[in-house]
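Below: one structure, written as structure tokens.
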Amino acid sequence: MHLYPLIRPLAFALDPETSHRLTIKALKLLPPHRPSDFPEALKTTVAGIDFPTPVGLAAGFDKDAEVPEQMLTLGFGFVEVGTLTPRPQQGNPKPRLFRLRRDRAVINRMGFNNGGQPAAYGRLQLDLRLPGIIGVNVGANKDSDDRIGDYVRGVQAMAPVAHYLTINISSPNTPGLRGLQEEGALEELLAAVQEVRAKKPIFLKVAPDLAAGDPERIVRAAIDHKIDALIVSNTTVSRPPLKAGSAGEAGGLSGAPLKPLALEALRRFRAASGGEIALVGVGGIANAEDAFERIRAGASLIQLYTAMVFDGPHVANRIARGLAERLKRDGFASIAEAVGTG
Ligand SMILES: Cc1cc2nc3c(=O)[nH]c(=O)nc-3n(C[C@H](O)[C@H](O)[C@H](O)COP(=O)(O)O)c2cc1C
């Protein structure tokens, strides 16, 4: 049934970006079928959207919305495509993606390589008929002289094909982008997005590299501007102790070494918000225990990417079923009941 342990040595023999392209190509061949039925207790409603399970695919795997349907089929409760910028762009020079096997981690400095929003729009028009939930993550072009305008355009352009939109201002790989998390810029950005948002929920994705007071300030701005959820977090520019040779590469670190940082960031956002805004936990989640810990720390949904590189796509299914067992074991009737219980 599960071929990934057989395929992995081959996948790991290739350079990571070639391996990723081949994976997307192979996934396209997967015959679509209805995603499996999940236990009732995993159903959860966030920002008015009914999610079949709280386990999502994080942005960056399916940047161009080539295989959202297949990823839903494989057991993800929702799929976030992107980051998509208004115009196509190449991203940074290769190599820009590094596997840190001994650390179960990845460093990437892709730099928003993507085919642009119009191309993805066409593909998503077909996919929106599916039963699954698809979020669209939008960003700014590197050479844009109006970055806030790029987010406004992204929200307007992609809203018709998204169940929710994510404003990604936390990628470390577009110089200056994280500056949009600063006080004045964030207010301006969120006010501009609020004006054009139509009816679709808006999520804001933040970095785990936080100064004192950042969570309080970001939560206040998000609530003031009616943001529906905060995604905590993107990759880190910090470098906890690592074993692998590529540890010194520039870029964002994801996977196991990010886990304690992302969990701590989530706890800080929960403390700052007291449950007033929904949180999505991301960063180093690899099993049901990690996911449950994030939910008890305040996350209503979780996402993952790097664990799939090491354990294969069935990790989503495994986590969903493990979560259902844990809910039952601890006497919770639903995910929502367990959120923020510590
Ligand atoms: C190769 C790679 C590309 C990524 N690209 C994006 C992206 O385009 N937009 C985004 O918001 N996050 C991107 N991310 C970050 C992930 O969505 C996620 O926040 C991060 O990897 C932490 O989760 P993980 O430890 O489960 O991978 C990327 C991550 C990786 C590894």
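The values are calculated or read from the model by the stated rules, or taken from the named source; none is laboratory data. Please read all numbers here as calculations on a predicted model, not as lab measurements. Here Cβ is always computed from backbone atoms with ideal geometry, including for glycine, and neighbour counts include all displayed protein chains.
Considering (1) part of a loop (DSSP other than H, G, I, E, B); (2) over 30 Å from GLN90 (Cα atoms), say which one ASP64 fails and leave the rest.
(2)
Against the condition closer than 16 Å to THR44 by Cβ, small (Gly, Ala, Ser), assigned to a helix (DSSP H, G or I) and in contact with a helix residue (DSSP H, G or I) (Cβ under 6 Å, 6 or more places away or on another chain), how does ALA291 come out, does it pass?
In short, yes.
Testing ALA265 on (1) assigned to a helix (DSSP H, G or I); (2) away from the ligand (no atom under 13 Å from the Cβ); (3) of a type in the set (Gly, Ala, Ser); (4) buried (at least 17 other Cβ atoms within 10 Å of the Cβ), one condition comes back false. Which one is that?
The number of the failed condition is (2).
If you scan the range 162-179, which residues turn out to be surrounded by fewer than 22 Cβ atoms within 10 Å (Cβ to Cβ) and among the hydrophobic types (A, V, I, L, M, F, W, C)?
LEU177
Can you find a residue that is under 18 Å from the mean Cα position of the chain (by Cα) and either of a type in the set (Asp, Glu) or not in a loop (DSSP other than H, G, I, E, B) (or both) anywhere in the range 320-337?
Here is the first cut: in the range 320-337, the residues under 18 Å from the mean Cα position of the chain (by Cα) are 320.
Cutting the leftovers down to either of a type in the set (Asp, Glu) or not in a loop (DSSP other than H, G, I, E, B) (or both) gives us 320.
The answer is yes, given that some residue of the range 320-337 is under 18 Å from the mean Cα position of the chain (by Cα) and either of a type in the set (Asp, Glu) or not in a loop (DSSP other than H, G, I, E, B) (or both).
Please indicate, with yes or no, whether at least one residue in the range 18-30 is modelled with pLDDT under 95 and part of a loop (DSSP other than H, G, I, E, B). Full working, then the answer.
Initially, the range 18-30 is screened for residues modelled with pLDDT under 95, giving 18-30.
Checking which are part of a loop (DSSP other than H, G, I, E, B) leaves us with 29-30.
Yes, because at least one residue in the range 18-30 is modelled with pLDDT under 95 and part of a loop (DSSP other than H, G, I, E, B).
Looking at (1) closer than 18 Å to ARG99 by Cβ; (2) within 20 Å of the chain's Cα centre (by Cα); (3) of a type outside the set (Gly, Ala, Ser), which one does GLU293 not meet, given that it meets all the others?
(1)
Going through the range 234-246 one residue at a time, which ones are over 19 Å from ALA291 (Cβ atoms) and near the ligand (Cβ under 9 Å from one of its atoms)?
Scanning the range 234-246 gives a single hit, THR236.
For LYS243, all conditions in the list (1) within 30 Å of PHE98 (Cα to Cα); (2) without any contact (Cβ under 8 Å) to a residue 12 or more places away in the chain; (3) in a loop (DSSP other than H, G, I, E, B) hold save one; what is the number of the exception?
Answer for LYS243: the failing condition is (2).
Kindly check whether there is at least one residue in the range 225-233 that is surrounded by fewer than 16 Cβ atoms within 10 Å (Cβ to Cβ), away from the ligand (no atom under 16 Å from the Cβ), more than 18 Å from the chain's Cα centre (by Cα) and in contact (Cβ under 8 Å) with a residue 24 or more places away in the chain. Talk me through it step by step, then tell me what you get.
Residues of the range 225-233 surrounded by fewer than 16 Cβ atoms within 10 Å (Cβ to Cβ): 226.
Cutting the leftovers down to away from the ligand (no atom under 16 Å from the Cβ) gives us 226.
Applying the additional criterion that residues be more than 18 Å from the chain's Cα centre (by Cα) yields 226.
Add one more test, that the residue is in contact (Cβ under 8 Å) with a residue 24 or more places away in the chain, and what stays is 226.
The answer is yes; a qualifying residue exists.
Every residue in the range 85-99 that is outside any strand (DSSP E or B) and either in contact (Cβ under 8 Å) with a residue 40 or more places away in the chain or in contact with a Phe, Trp or Tyr (Cβ under 9 Å, 6 or more places away or on another chain) (or both), please.
Initial filter on the range 85-99 (outside any strand (DSSP E or B)): 85-88, 90-96.
THR85, PRO86, ARG87, GLY91, ASN92, LYS94, PRO95, ARG96, listed by residue number.
Being more than 16 Å from the ligand (Cβ to nearest atom) and either aliphatic (A, V, I, L, M) or farther than 20 Å from SER238 by Cβ (or both) is the filter here, so list the residues in the range 202-216 that pass it.
Step one: of the range 202-216, the residues more than 16 Å from the ligand (Cβ to nearest atom) are 211-216.
Of everything in the range 202-216, those that are more than 16 Å from the ligand (Cβ to nearest atom) and either aliphatic (A, V, I, L, M) or farther than 20 Å from SER238 by Cβ (or both) turn out to be ALA211, ALA212, GLU216.
Answer with yes or no whether GLU276 is at pLDDT 95 or above, closer than 14 Å to ASP214 by Cβ and surrounded by fewer than 17 Cβ atoms within 10 Å (Cβ to Cβ). Walk me through how you get there before you give the answer.
Details: at pLDDT 95 or above: yes; closer than 14 Å to ASP214 by Cβ: no; surrounded by fewer than 17 Cβ atoms within 10 Å (Cβ to Cβ): yes.
When the stated conditions are applied, GLU276 does not pass them.
With respect to VAL309, is the statement that it is buried (at least 22 other Cβ atoms within 10 Å of the Cβ), modelled with pLDDT under 95 and within 15 Å of the ligand (Cβ to nearest atom) true? Outline the logic, then answer.
On the way: buried (at least 22 other Cβ atoms within 10 Å of the Cβ): yes; modelled with pLDDT under 95: yes; within 15 Å of the ligand (Cβ to nearest atom): yes.
Considered against the rule, which asks whether it is buried (at least 22 other Cβ atoms within 10 Å of the Cβ), modelled with pLDDT under 95 and within 15 Å of the ligand (Cβ to nearest atom), VAL309 comes out as yes.
Looking for whichever is surrounded by 24 or more Cβ atoms within 10 Å (Cβ to Cβ) and away from the ligand (no atom under 16 Å from the Cβ) here; the options are ILE302, ILE319, ILE335. Which one fits?
Working: ILE302 fails: away from the ligand (no atom under 16 Å from the Cβ); ILE319 fails: away from the ligand (no atom under 16 Å from the Cβ).
Testing whether each residue is surrounded by 24 or more Cβ atoms within 10 Å (Cβ to Cβ) and away from the ligand (no atom under 16 Å from the Cβ) leaves just ILE335.
Can you find a residue that is within 13 Å of the ligand (Cβ to nearest atom), of a type in the set (A, V, I, L, M) and within 19 Å of LYS205 (Cα to Cα) anywhere in the range 39-49?
No: zero hits.
Working only within the range 31-53, note down all residues that are loosely packed, with under 15 Cβ neighbours inside 10 Å and either in contact with a Pro (Cβ under 8 Å, 6 or more places away or on another chain) or not in a loop (DSSP other than H, G, I, E, B) (or both).
Selection gives ARG34, GLU40, THR45, GLY48, ASP50.
Please go through the range 45-87 and give me each residue that is hydroxyl-bearing (Ser, Thr, Tyr) and touching a Leu at 6+ places or on another chain (Cβ under 7 Å), ordered by number.
Let us first name the residues in the range 45-87 that are hydroxyl-bearing (Ser, Thr, Tyr), namely 45, 53, 73, 83, 85.
Result: THR53, THR73.
Only one residue in GLY111, GLY82, GLY60, GLY56 is touching a residue at least 60 places away in the same chain (Cβ under 8 Å), within 16 Å of the chain's Cα centre (by Cα), surrounded by fewer than 22 Cβ atoms within 10 Å (Cβ to Cβ) and within 14 Å of the ligand (Cβ to nearest atom), so which one is that? Even if it seems obvious, please write down each step before you answer.
Details: GLY82 fails: surrounded by fewer than 22 Cβ atoms within 10 Å (Cβ to Cβ); GLY60 fails: surrounded by fewer than 22 Cβ atoms within 10 Å (Cβ to Cβ); GLY56 fails: surrounded by fewer than 22 Cβ atoms within 10 Å (Cβ to Cβ).
After ruling out the rest, the residue left standing is GLY111.
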